[in-house]
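First up is the structure itself, then whatever we jot down about it.
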Amino acid sequence: ALAVKVQFVSTGGAPVLIQSEFKIDATEKFAKVLKFLRRQVQQDNVFPFINQAFIPSQDEPVGDLYKNFGVHGKLIVNYAPTLAWG
Amino acid sequence: MDARRHVWEGAIPISFQLDPSEIATAPAPLPLLLMAARNGYLPLLATRIRQYFQNAVLSSPSSSTPSSDQILWFDFKGLPLKWHIPTGVLFDLLCLEPQRPWDLTVHFRGYPSEMMAPYEGDEAVKWSFMNTLKEASYIIRGNTKNVMDLTQNDQNNLWSSIVKGDMEEHDRIAAQFVGPGRIEGKPGKVPLRLYVRAVNGGLDDPFSLAPVKSWNEVMILTRPVEILRQEEGLAFTLGDALVKVLPQYFGSSSEDPEHSSSDSRVDEYGPGVQFDGTVKIQGIQPNLDLPFDWVARNLAGQEHFTHVCLWVPGK
């Protein structure tokens, strides 16, 4: 199955992950990625952004997000403790 | 009246019925009939719906939340409606044969938070709108600068124009950031969101189409489309765009000798687009030969995404 390299980048004082890069199945919806991130940082108060611009729809498959917004072979997901952007 | 205005002023008559299991009064309240803007969101009607039904709603003994604080949600034939999807898109997708009025059930209790994040009032809906607008902007221009640079006042007025369905007000503010985008010298892309349902058997009778029982039956995809440079006199069509983003469902007639097109058009995009399914945008089934940029300019939703519903013959 196709997997997407997702890199989580902490911003705005959010907890830093020791391991920040993960391979996630391309068909997984973003909702799952968010759930995964929250488990990794062990708190619910983290908000993810793509390319520091927007939060994608929970229904979007990760493969689509990578195709549309990926950079340097990865999907970069910034996460902050607040809804910082906008 | 131009197409864009038709879309902006488009509305769907909805009949809201309170979930029978939540009714405390006898006789049961009559349904509430409201017009809902196509380019709007169902939660924006929540205040009026709440006011109308709240005296008839059972107060749950196990919950301390008064009905004034409960988050309303809606279902159509048992399917909870995702509130961040524009109302017109929900209607087109779930009601291929339009039902007028559209019969929805409103719930005060049991918000399906596993399925969708709750919205805390209009502010949350506004936030969702702004966020999607940023995503569209990113697709069009490669950045969200124009949206981020809006003054707080302009942001509020933009949102207000959506709530009121005021096209002029929207255009006045959006003038600051619409227009063809360019990313590193190349034309930017058109934000497209597709909602695909695979349908067994034919699509001859939309009435016999089984209702959607779960959102797993719908593929929701975001597919930015680059409008390709066209030759003199030839437009990049809606069909061309769909062939690009969903090649597995759209074929060109050159591949199938039985479907040879009588159209004498010879161009780089093939003699014509063949599709055995149904396409619906803003309540209409558009001709696939329409220029794609016309479709994007006139039929886009409020967040500048063009939402396309598709029913494809499949397994």
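The values are calculated or read from the model by the stated rules, or taken from the named source; none is laboratory data. Being a predicted model, the structure only gives us computed values, none of them experimental. Because the Cβ atoms are built from the backbone with ideal geometry, glycine has one as well, and the counts that use them run over all protein chains shown. These accessible areas exclude ligands, DNA and RNA; they are computed on the full protein's heavy atoms, side chains included. Shrake-Rupley method; radii C 1.70, N 1.55, O 1.52, S 1.80 Å.
Where the convex hull is taken over the Cα atoms of the protein assembly as shown, what is its projected area averaged over directions, in nm²? Write down the numbers at each step before the final one.
On the way: hull surface 91.6 nm².
If I average the Cα hull's projected area over directions, I get 22.9 nm².
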- Item | Residues in region B:127-144 that, when all protein chains are in place, have 50 Å² or more less accessible area than the chain alone would give (probe 1.4 Å) | B:W127, B:N131, B:E135, B:Y138
- Looking only at aspartates and glutamates whose Cα falls under 14 Å of B:K164's and that sit 8 or more positions away or on another chain, we get B:E9, B:D122
- Message: Ignoring solvent entirely, what values of log10 I(q)/I(0) come out of the Debye formula for region B:28-156 at 0.18 Å⁻¹ when each Cα is a single scatterer?
- Response: -1.08
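Just to verify a number: FRET efficiency for B:N200 and B:V245, C-beta to C-beta distance, R0 = 22 Å, to 0.05?
FRET efficiency, B:N200 to B:V245: 0.45.
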- Query: Amide H of B:Q274: which non-local residues (sequence gap of 5 or more, or other chain) have their own amide H closer than 5 Å, using H built in the peptide plane?
  - Reply: B:G251, B:S252, B:S253
- Query: Of all the accessible heavy-atom surface of the protein assembly as shown, with the other protein chains kept in place and a 1.4 Å probe, what percent is carbon and sulfur?
  - Reply: 50 percent
- Considering only protein heavy atoms, what is the solvent-accessible area of B:H84 at a probe of 1.4 Å, reported in Å² to the nearest 10? 50 Å²
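Per the helix-only calculation at 222 nm, which mean residue ellipticity applies to the protein assembly as shown, given -39500 (n - 2.57) for every DSSP H run of n ≥ 4 and division by its residues, nearest 500 deg cm²/dmol?
One gets -7500 deg cm²/dmol as the mean residue ellipticity at 222 nm.
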- Set A:K29/B:K82; A:K23/B:K189; B:K126/B:K189; B:K82/B:K134, cut-off 18 Å on Cα-Cα distance; pairs above it are A:K23/B:K189; B:K126/B:K189; B:K82/B:K134
- Task: Round to the nearest 10 and report in Å² the accessible area of B:R4, as given by a 1.4 Å probe over the protein chains' heavy atoms.
- Result: 60 Å²
- Item | region B:77-120: trypsin sites (Lys or Arg not before Pro) in DSSP coil with no more than 15 other Cβ atoms inside 10 Å | B:K77
- Note on the structure: Buried accessible area between B and A, both sides, 1.4 Å probe, in Å² rounded to 100, is 1600 Å²
- Query: What accessible area, in Å² to the nearest ten, does a 1.4 Å probe give for B:L209?
  - Reply: 40 Å²
- Zone of A:V16 (label point 7 Å along Cα→Cβ, backbone N under 16 Å): which residues in region A:30-45? A:41
- Message: For region A:3-80, what does the accessible surface come to per residue with a 1.4 Å probe? Please give it in Å².
- Response: 47 Å²
- Two decimals is fine: what's Rg over Rh for region A:4-86, C-alpha atoms, Kirkwood radius as Rh? 0.92
- When every protein chain stays in place and a 1.4 Å probe is rolled, B:E168, B:E22 sorted by accessible area with the largest first are B:E168, B:E22
